[in-house]
Amino acid sequence: MGKEECKTMLDALNKVTACYRHLVIALGSTSDSQNLREELKKTRKKAQELAVANRTKLTTLLKDKTISKDDRAEYERLWVLFSSSMELLEVDMKRSLEIGQDFPLKVPTRHLIQTGMTGSTNAVAARAMSVQNMKYEADSNIDTADLRDLQTEITQVSQMMEEMEMKVQVAPWAVVAKQEAGAELKSNMSVGNSSVGVISICEEEPKDDEGGGGREGGSGSIGAVVVFFVIVAVALVLGYLVVNM
Amino acid sequence: SSHPPAPAPGGRSTHDGSSMEKVLVAMQDPDMGMKMRNQRLLITVIPHAMTGHDIITWLIQKYHICEEEALHLGEMLVKYGYIYPLKEPRCLVLRPDESPYRFQTPYFWTSTRWPASELDYAIYLAKKNIRKQGELVEYEKERYSLLHKRINHTWDFVVMQAREQLRASKQRRKADRIVLECQEQAYWLINRPPPGVQNMLDWGLERVCLFVCVCVYHVSLHPQQIETSRRALGRNRVKSSICLEGYWPLTAAFCCTNTINLCVCVRVLLCQYQNHDPIMQGCLPSNPWISDDIAYWTMNSEIVPVPTRLRVERWSFSFMELLSDAMGRREFMTYLEKEFSAENLHFWQECEEIRHGESSKIIEKVEDVYKNFLAPGAARWVNIDSKTMDKTLEGIKRPHRFVMDDAQMHIYFLMKKDSYPRYLKSDLYKNMLAKAVVPQETKKSVFPFMRRQRHSSPSPAQAGAPAAEEDGRAGTNSAAGSHF
């Protein structure tokens, strides 16, 4: 059915948009690399493919005059989701152009901002591209060569969005969201109770004294080991008593 | 639609707007940059931390400034979000001790080109909601509900995107995830500050950089030029008159070294405005809050056929006073048209529009201004000195809200020194003054019971009978008061 297909494609676009934003955040920092530039390029192209597919599908559905009122309301809701996704994508593309220009990689001394992020982003890109592992095959001057393509693509996306606004008459404010406030808490997503929540470092005082940090960790694990042995000893004593009863 | 200007192929393009970014980048230099330390958190180690003390020391050494200036410069870097504190993230100060700080990633640098949007904030709050299992801070909960109402049509997208962004960040290793969380939090603490905290962005990002610029000049220029530019910028020696003009509110405090001069200026202001203060002198025809007669407001509204005398007198107090009054500006424009120098005021007005107008329209407005006023052979070409013109033309390549500031200031002072005194002596102004009306004080009625009684509007805390009898009179009160 048209609706299900639409939703699946929108979910895919949403996923790629989120991954793309994540990659752009790493631009210009110590996580930046030739690989990141290639990841950005591939993710961006995938996003655009999905965008075009979504737009085609949704415009066809919305142009159909024979659909029911409920269906139409649903498609309008999907349309608003789609255009919000495009909004984010367009801004992130423009920003990646700006930051990419300011932080070229093929220079004698790189001045990447030391943000504390040093790991690679290939898992994020792999998620966007729906592959197991990313393959890197670009030239070493991708940081400058890609910028021209990016400019063209930005123009294309902006044009597409303008056309969308002109051709499809959907009043976004008339759309009512399905999710209520706090809906995100009800999901069964694996992220909710991950370690990310436990280590809310920014709120607490991190132990930034090196010696103190080491000792703290050490005494914690020693304590756990001691407790373990105590429990084992108690269990052995009880077992001996039971056996001897 | 706005497109970014064409990039220079390869190489680094300079951000005209922010010299703070130049400072940031200089700090990254492998040889001459900041000394980095590791941050240890329980079991994770995150690199690239620095102490406040190190930052101050580096600034002092790099730009050859004193400790006080380095402290101020460092404060700016923290307050505008280029560096964020790792301990006590809500306290945006630079402590010159062992407190740890870290650099912010370029995506989250404060920029007028990319203002933080409601949609992004909603997504951030939704993400935080998920991570904290619903335990948001009070003011965040309020803003969350507000956003839920305001952008309800796209709320499904907010939830979807929040979930996906969290899933994406799960693909990074733990240390990077922690850094990302801290970065985001720091960004939103600046762009959506908690209630009670001053929003730094109201000061104008690029304007504050004027003070910061001095330090950056030290490095990029030849030593001889350093002296020249120091003198030209008039650091610490900007005329107090310019500061009091209200153009540089932040630097005024730093630059008015002559306190006697400052006191004199303030005293003059007080004397001038004494007669114009409705509390000191009373207001004619009558105080609307007492007499329920709104004549005072109608006579002083923005555009009237005949202005009051006090108002026209105020135009002679200062140029800013004349320009901030809509009628004054109109009169002045008529005068300038007679003198064939009206393009100056038009230009000034257009620049004000850019400074105070919508962000999305800035680029096209700047283009219009360039076409009409600055391009060679333009229809209404304004006379700006070559140095300012060059600087402005450079700035136009990367237009932002304050790109026209220097040119605008130049024209402002041109008008102030040249046209404004002549306007005050002109027949046009004198006729205006003569025509201006001095309202008569409304005569109090002879019969006491004919006078309208003074009464305050009913307190919302009161309910029931006592309010009822005042309702009749309160109705007329509110009708009169709602004229505003």
When you scan segment B:86-102, how many residues do you find that are open to solvent by 40 Å² or more (accessible area, probe 1.4 Å), more than 7 Å from chain A (Cβ to nearest Cβ) and farther than 11 Å from residue B:186 by Cβ? 7
Scan segment B:41-56 and tell me whether some residue there is of a type in the set (S, T, N, Q), touching a Lys or Arg at 6+ places or on another chain (Cβ under 8 Å) and part of a strand (DSSP E or B). yes
For segment A:161-175, name all the residues that are open to solvent by 90 Å² or more (accessible area, probe 1.4 Å), within 15 Å of residue A:73 (Cβ to Cβ) and more than 7 Å from chain B (Cβ to nearest Cβ). A:169
Determine which single condition residue A:32 fails, assuming it passes every other condition in (1) within 23 Å of residue A:172 (Cα to Cα); (2) among the charged types (D, E, K, R); (3) buried (at least 22 other Cβ atoms within 10 Å of the Cβ). (1)
Unmet criterion (only one of (1) open to solvent by less than 90 Å² (accessible area, probe 1.4 Å); (2) modelled with pLDDT of 50 or more; (3) facing chain B (nearest Cβ under 8 Å)) for residue A:232: (3)
With the requirement that a residue be open to solvent by 20 Å² or more (accessible area, probe 1.4 Å), part of a loop (DSSP other than H, G, I, E, B) and within 7 Å of another protein chain (Cβ to nearest Cβ), what does segment A:92-111 give you? A:109, A:111
Here are some residues: A:66, A:59. Which one is on the phi < 0 side of the Ramachandran plot, among the hydroxyl-bearing types (Ser, Thr, Tyr), surrounded by fewer than 22 Cβ atoms within 10 Å (Cβ to Cβ) and not in a helix (DSSP H, G or I)? A:66
From the list B:57, B:105, which one is of a type in the set (S, T, N, Q), buried (at least 21 other Cβ atoms within 10 Å of the Cβ) and either on the phi < 0 side of the Ramachandran plot or more than 9 Å from chain A (Cβ to nearest Cβ) (or both)? B:105
When the residues of segment A:120-137 are narrowed to those that are assigned to a loop (DSSP other than H, G, I, E, B) and buried (at least 17 other Cβ atoms within 10 Å of the Cβ), which ends up farthest from the chain's Cα centre (by Cα)? A:134
What is the residue count in segment B:29-42 for residues that are without any contact (Cβ under 8 Å) to a residue 24 or more places away in the chain and more than 15 Å from residue B:57 (Cα to Cα)? 6
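Taking the stated definitions as given, is residue A:190 at pLDDT 90 or above and at the interface with another protein chain (Cβ under 10 Å from one of its Cβ atoms)?
Values: at pLDDT 90 or above: no; at the interface with another protein chain (Cβ under 10 Å from one of its Cβ atoms): yes.
No.
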Considering only residues that are touching a helix residue (DSSP H, G or I) at 6+ places or on another chain (Cβ under 6 Å), basic (Lys, Arg) and closer than 25 Å to residue A:133 by Cβ, which ones fall in segment A:43-71? A:46
Failed condition for residue A:43, given (1) under 18 Å from the mean Cα position of the chain (by Cα); (2) open to solvent by less than 30 Å² (accessible area, probe 1.4 Å); (3) away from every other protein chain (no Cβ under 11 Å), with all others met? (3)
Could you tell me which numbered condition residue B:114 fails, if it satisfies all but one of (1) within 7 Å of chain A (Cβ to nearest Cβ); (2) part of a helix (DSSP H, G or I)? (2)
Can you pull out the residues in segment B:281-294 that are surrounded by 13 or more Cβ atoms within 10 Å (Cβ to Cβ), out of contact with any Asp or Glu (no Cβ under 7 Å at 6 or more places or on another chain) and either outside any helix (DSSP H, G or I) or at pLDDT 85 or above (or both)? B:283, B:287, B:292, B:293, B:294
Filter segment A:70-91 for residues that are open to solvent by 40 Å² or more (accessible area, probe 1.4 Å) and under 20 Å from the mean Cα position of the chain (by Cα); the one that is farthest from residue B:106 (Cα to Cα) is A:87
Take the residues of segment B:333-361 that are touching a Ser or Thr at 6+ places or on another chain (Cβ under 8 Å) and either of a type in the set (Ser, Thr, Tyr) or open to solvent by less than 40 Å² (accessible area, probe 1.4 Å) (or both): which is nearest to residue B:307 (Cα to Cα)? B:335
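The values are calculated or read from the model by the stated rules, or taken from the named source; none is laboratory data. As the structure is a prediction and not an experimental result, all values here were calculated from the model. Glycine also receives a Cβ, built like all others from the backbone with ideal geometry; neighbour counts cover every protein chain displayed. Surface accessibility is based on the protein's heavy atoms, side chains included, excluding ligands, DNA and RNA. Shrake-Rupley method; radii C 1.70, N 1.55, O 1.52, S 1.80 Å.
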